[in-house]
Each structure stands twice: as structure tokens, then as C-alpha cells.
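Since the structure comes first, as C-alpha cells, the remarks are kept for the end.
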Amino acid sequence: MKIFVCIKQVPDPNTTVSKLDPNTRRLMRSGVSLVLDPGDESTISAAIKLRDTLGNSELVALSMGPTSAQEALRRCLAMGADRAILVTDPALAGSDAIATARVLAAAIQKEGADLIFCSTESTDGYTGMVPGGIAEFLGLPQLTFARDITIEGSKAIIKRVIPTGYKVVECPLPAVVTIASGSYEAIYPTMKGIMGARKKPFSQLSLSDLGIETGQVGEAGAREQILAIGQAEARAAGQVVKDDGNAAQNIADFLQRYQLL
Ligand SMILES: Cc1cc2nc3c(=O)[nH]c(=O)nc-3n(C[C@H](O)[C@H](O)[C@H](O)COP(=O)(O)OP(=O)(O)OC[C@H]3O[C@@H](n4cnc5c(N)ncnc54)[C@H](O)[C@@H]3O)c2cc1C
């Protein structure tokens, strides 16, 4: 079976407060530590687990991004992916979610895939639109919010997260599946994995390799435009309730006043 996992490099959410450049209105990436999206670490681990369960399968990690995204893909190889593909091209800068889905779908179509893993949403743009866009461009079914996935014959079966627990959903292969965040423990690369990653196949594709016009992507092809950037309002300090014997009543009154009770 050929399995793809789509991953993204993002500003490190643990060390960086994402900022938008007031001039370009795009995310500031220079001078910011960039990491493999933490949400995607769980998704790759899900894909590695399934590949190992199935046997006789290949797992390809795929990303669209600047050349710096190589580092995120190398971490996927160190975690256990078999091969990596980076789609990079200066014309991709400023791409919206639809353009991102178009490019990833074209890279997957070039090779053919039985199953495509994505996370439900990224940590920086978090539109949640890319996985559905990939499924649409490839004309494939999509299973969403999976907390567990198995393969039986030519169909994929998931436990889909719902507010009261989960429901079992299935579809024929090939398909796209999104993994619900936190469903799989992230695999940590071993030293052997890190050393081995250097020998694993790594290829790079440009827009012309995919037959995509520059006008369909980047700022030129973006269907949405950021018109303005505003500062988030500073949060008002909370109300401190001192317990002088009436604290419970004061809190109840407060909650009632705001119809929270
Ligand atoms: C703050 C901010 C706001 C934005 N708002 C919008 C907006 O409103 N509309 C819009 O169209 N675009 C928007 N964008 C641009 C959008 O983030 C990018 O197009 C991005 O490449 C894809 O969208 P996402 O991160 O929201 O993806 P999501 O759909 O949230 O990502 C879900 C999953 O798809 C896969 N994936 C996503 N991007 C890639 C990639 N580059 N390579 C490989 N796999 C990937 C990963 O598995 C990821 O976890 C915004 C970007 C930022 C930083």
C-alpha cells in the first residue's frame, strides 16, 4: 500500500507568538524558530503505526513550503517515514488554503496513493480546509476526526470522534483521512532513526514539475486577501473575590448577573 502523510513546518508554538508582518500581512518566518507542526507529529505517528501493521507498504511524507521545510521532513524520516517530497517554489509564497490543496493533490496524483493522512487543522493558519481540498481535487472520499484507523481489504474504517464518544465510519480506498489532535502519541526519533534518515530518499518538486501555472497559486492566485491587521484587545483584569464569609454568595450573584447560572 502507498500511504502519504501531509505535514507542515510552522513557527514553534512553544517559543513564538506568531506575528503577521504589517507590510506583507503574512506570517513572519525569519528569525523565528520553525518546527514540524506538533499536530502533524501525532498524525505521522498514526501513519507509521498503520504502515507497520499492514506491512509491505511505503510511507511518503509530503510538504509544500519554503526550502527551510526540509528540516520538518527530515524529522518525519527520522521518526520512521520511508521517503520525503518537498514542493517548493518562490511563486508559492502567500498561497491560500485552496492553492495549497491544489499543489499537494498534484504531487500526490503524480505518484498515486491508496491513503492520504492529514491533521484536522494546522497550528498556524488552522483553516482546516486543506485536507478537504485535497480530497476534492483528487475526487476522493474523506474520513475526518479519526482517533483510530484500520484497513480491511479495500476499505478504511475509522473511529470518528463525536461529542459523546465515537462512531465507526468507513469508505472505499483510495481516501483522505484526518487524524483528531492528540489521538496518537508522537513517536520520538531514535539516534538510529536520525542517522538513518540521511540515507532515505528525499526529492524536491517545483510548480513546473507539477504542471501548475504560477497564476493559480501564491499571492497571484489567492482567493482571499488580508485587508488589515489589528491588535487583539488586552484582556480586562479579572475580578478577585476575597472570602470574608460571603464569597460563595458573591460568586453566585456574579454568575447569575452574567446568566451563567
Ligand atoms: C494566520 C493565518 C491565517 C490564514 N487564513 C487563511 C484563510 O482564512 N483562508 C485561506 O485560504 N488561507 C489562509 N491562510 C493561509 C493558509 O494558512 C495557507 O494556505 C496554508 O498553507 C494552508 O492552510 P492551513 O494552515 O490553514 O491548513 P489546515 O487546513 O488547517 O491544515 C490541516 C492539515 O493539512 C495539511 N497541510 C496544510 N498545509 C500544508 C502544507 N503547506 N504542506 C503539507 N501539508 C499541509 C497538514 O496535515 C495540516 O495539519 C492563513 C495563514 C495564516 C498564517
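The values are calculated or read from the model by the stated rules, or taken from the named source; none is laboratory data. Source: prediction; values computed, not measured. Neighbour counts are summed over all protein chains in view; Cβ atoms, including those assigned to glycine, are modelled from backbone coordinates with ideal geometry. We work out accessible area using only protein heavy atoms, side chains counted, and drop any ligands, DNA or RNA first. Shrake-Rupley method; radii C 1.70, N 1.55, O 1.52, S 1.80 Å.
Scanning segment 67-95 for residues being near the ligand (Cβ under 8 Å from one of its atoms) and open to solvent by less than 10 Å² (accessible area, probe 1.4 Å) gives a total of 2. In segment 206-227, the residues that are more than 13 Å from L92 (Cβ to Cβ) form Cβ pairs under 8 Å with partners that are modelled with pLDDT under 95 and of a type in the set (A, V, I, L, M), at six or more places apart or across chains, as follows: I226/L20.
For A113, the conditions (1) within 16 Å of the ligand (Cβ to nearest atom); (2) hydrophobic (A, V, I, L, M, F, W, C); (3) assigned to a helix (DSSP H, G or I) all hold with the exception of (3).
Among the criteria (1) of a type outside the set (F, W, Y); (2) within 13 Å of the chain's Cα centre (by Cα); (3) closer than 22 Å to A175 by Cα; (4) open to solvent by 50 Å² or more (accessible area, probe 1.4 Å), the one S63 does not fulfil is (4).
Among the residues of segment 145-194, just one is touching a helix residue (DSSP H, G or I) at 6+ places or on another chain (Cβ under 6 Å) and aromatic (F, W, Y), namely Y184.
Give me the residue from segment 116-139 that is over 9 Å from the mean Cα position of the chain (by Cα) and assigned to a strand (DSSP E or B) and, out of that set, nearest to I179 (Cα to Cα). In this case the residue turns out to be F117. On inspection, E121 passes the criterion of being within 12 Å of the ligand (Cβ to nearest atom) and not hydroxyl-bearing (S, T, Y). Kindly list, by first and then second residue, each pair from a residue in segment 120-139 that is of a type in the set (A, V, I, L, M) to a residue that is within 6 Å of the ligand (Cβ to nearest atom), limited to pairs with Cβ atoms under 6 Å and residues at least 6 apart or on different chains. Short answer, once both residue conditions are applied: M129/A97; V130/A97; V130/T100; I134/L104. Against the condition free of Cβ contacts under 8 Å to residues at least 60 places away in the same chain and of a type outside the set (A, V, I, L, M, F, W, C), how does D37 come out, does it pass? Against the criterion (free of Cβ contacts under 8 Å to residues at least 60 places away in the same chain and of a type outside the set (A, V, I, L, M, F, W, C)), D37 does not qualify. For segment 159-243, the strands (runs of 3 or more DSSP E) that sit wholly inside it and include 3 or more residues that are of a type in the set (A, V, I, L, M) are 175-179. In segment 96-110, which residue that is over 9 Å from V217 (Cα atoms) and within 7 Å of the ligand (Cβ to nearest atom) is modelled with the lowest pLDDT? Among those that are over 9 Å from V217 (Cα atoms) and within 7 Å of the ligand (Cβ to nearest atom), it is A97. Restricting attention to segment 8-59, the residues that are open to solvent by 10 Å² or more (accessible area, probe 1.4 Å) and part of a loop (DSSP other than H, G, I, E, B) add up to 24.
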